[in-house]
Amino acid sequence: QVQLVESGGGLVQAGGSLRLSCVASGRTFSTYAMGWFRQAPGKEREFVAAVDSSAIRTYLGDSAKGRFTISRDNAKNTVYLQMNSLKPEDTAVYYCAANQYTLGFRTENYNYWGQGTQVTVSS
């Protein structure tokens with residue numbers, strides 16, 4: 001069982017930056033692939049970024065390429081999402097997700113989810 005707690009969301013002006021953090025419970029964090037998803041009102045949950053358990057491979061969704069970076073620190077049981085050049089269309093609740101061993105790009109690939117953190121980008 002893994003519990004995930006996100007933080008770092010907030011209100012930022014367009015062009016600004018935020019760094020989201022997700023802290024995981026448990027002693028097996030290094031065996032979990034981690035992902036970030038987001039969901040805007042009235043829209044489906046969307047893949048943003050993922051990193052494999054050893055931080056060797058990272059993947060970004062189309063909306064994140066060139067602006068966002070995913071990273072992790074296994075010693076701290078934490079995964080990060082650095083978001084730069086934010087746009088109003090990035091406004092959403094951002095969720096951290098975990099799946100043991102296997103990395104994926106779809107919500108059904110992940111077994112554990114955090115409660116989400118709100119990101120609002122003003123124009």
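The values are calculated or read from the model by the stated rules, or taken from the named source; none is laboratory data. All values derive from a computational prediction rather than experimental measurement. Don't worry about glycine lacking a Cβ; one is built from the backbone with ideal geometry, like all the others, and counts go over all protein chains shown. SASA here: full protein model, heavy atoms, side chains in, ligands and nucleic acids out. Shrake-Rupley method; radii C 1.70, N 1.55, O 1.52, S 1.80 Å.
First compute the accessible area of the chain with a 1.4 Å probe, then give the percent of it belonging to carbon and sulfur atoms.
After summing per-atom areas, the C and S share lands at 46 percent.
Name the residue, out of Ser53, Ser63, Ser21, whose mean-square fluctuation peaks in a Gaussian network model built on the chain with Cα pairs under 10 Å.
Greatest mean-square fluctuation among the candidates belongs to Ser63.
In Å², and per residue, what accessible area does segment 1-116 have when probed at 1.4 Å with the other protein chains present?
Accessible area per residue: 52 Å².
Could you compute the longest span of the chain free of trypsin sites (Lys or Arg not before Pro) located in DSSP loops and having at most 12 other Cβ atoms within 10 Å, not counting the site residues?
66-105
Placing unit charges on C-beta atoms (Lys and Arg positive, Asp and Glu negative, everything else neutral), compute the dipole magnitude of segment 31-74 about its Cα centre in debye, rounded to 20.
Dipole size: approximately 100 debye.
Could you work out how much longer the chain between Phe105 and Arg57 gets when fully extended? Use 0.36 nm per residue separation minus the Cα distance between them, nm to one decimal.
Contour length minus the Cα-Cα distance gives 16.0 nm.
Normalized C-alpha radius of gyration of the chain, against 2.2 N^0.38 Å?
Here the answer is 0.97, to two decimals.
Evaluate the charge dipole of the chain about its Cα centre and quote only its size in Debye, nearest 20, assuming +1 on the Cβ of each Lys and Arg and -1 on the Cβ of each Asp and Glu.
Around 180 debye, computed over the chain.
At a threshold of 8 angstrom on Cα-Cα distance, excluding pairs fewer than six apart, so keeping six or more, what relative contact order does the chain reach in percent?
36 percent
What nm value, rounded to one decimal, do you get for the distance between Thr31 and Glu46 when each label is placed 7 Å out toward the C-beta?
The modelled label-to-label distance comes out at 3.4 nm.
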